[in-house]
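Chemist: Below are the structure tokens for one structure; questions will follow.
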Amino acid sequence: MADDDRDFIDRADSITSKLYGKPASTDQIAENFALYGLKKRAATLDNFDTELCGEIDSSPHSLRRRVQLMALRKKMGTVHEALRKARR
């Protein structure tokens with residue numbers, strides 16, 4: 001999957017579309033993220049941060065997608081911190 005040029009949300013949409021017949025919302029992605037173990041959550045957040053460091057163009061679609069990715073990253077970070085505080 002190293003040569004997969006889709007972003008995190010596109011990959012999640014593809015997987016959930018195949019499993020459930022419709023793409024997942026960002027809330028569903030964050031809920032599923034809460035089911036990951038500590039190491040997998042940390043690795044996912046690291047990969048997500050690396051993805052967000054990439055360059056973006058100024059097209060409206062690209063900017064909207066970047067805002068969606070940043071909002072999802074914030075949600076996932078909040079979930080991760082809450083679970084770490086609960087020692088899970």
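Chemist: Roughly how big is the chain's charge dipole about its Cα centre, with Cβ charges of +1 (Lys, Arg) and -1 (Asp, Glu), in debye to the nearest 20? Don't jump to the answer; show the numbers that get you there.
Modeler: Details: 17 positive and 14 negative charges, 135 e Å.
Value, rounded to 20: 640 debye.
Chemist: Can you give the helix-only mean residue ellipticity at 222 nm for the chain, where every DSSP H stretch with n ≥ 4 adds -39500 (n - 2.57) and the sum goes over all residues, rounded to the nearest 500 deg cm²/dmol? Walk me through the numbers before you get to the answer.
Modeler: Working: 4 runs with 62 residues, N = 88.
After summing the helix terms and dividing by the residues of the chain, the value is -23000 deg cm²/dmol.
Chemist: Follow-up question, since we're still on this one. Determine the gain in length on full extension of the stretch Ile56-Leu19; use 0.36 nm per residue of separation and subtract their C-alpha separation, reporting nm with one decimal.
Modeler: Result: 10.3 nm gained on full extension.
Chemist: Oh, and also: Cα axis of helix 60-85 to longest principal axis of the chain: angle in degrees, 0 to 90, nearest 10?
Modeler: Helix 60-85 and the main axis of the chain meet at about 10 degrees.
Chemist: With the Cα gyration tensor of the range 8-85 giving a ≥ b ≥ c as the square roots of its eigenvalues, does the rule (a/c under 1.5 for rounded; else a/b larger than b/c for prolate; else oblate) give rounded, prolate or oblate? The partial results should precede the final answer.
Modeler: Working: a/c = 2.01, a/b = 1.22, b/c = 1.65.
The shape class here is oblate.
Chemist: Setting aside same-chain residues fewer than 8 positions from Lys85, which aspartates and glutamates have a Cα under 20 Å from its Cα?
Modeler: Glu31, Asp46
Chemist: What ranking do 35-43, 74-82 get when scored by the average of other Cβ atoms within 10 Å per residue, highest first?
Modeler: Details: 35-43: 12.3, 74-82: 14.7.
Put in order of decreasing packing, that is 74-82, 35-43.
Chemist: Pick out, in residue order, every one of the GluC sites (Glu not before Pro) in the range 1-73 that is DSSP loop and has at most 11 other C-beta atoms within 10 Å; say none if there are none.
Modeler: Working: sites: Glu31, Glu51, Glu55; in loops: Glu55.
Here the sparse-neighbourhood loop sites are Glu55.
Rule-based calculations on the coordinates, nothing more; no lab input. Here the structure is a predicted model, which means the values were calculated and not measured. Here Cβ is always computed from backbone atoms with ideal geometry, including for glycine, and neighbour counts include all displayed protein chains.
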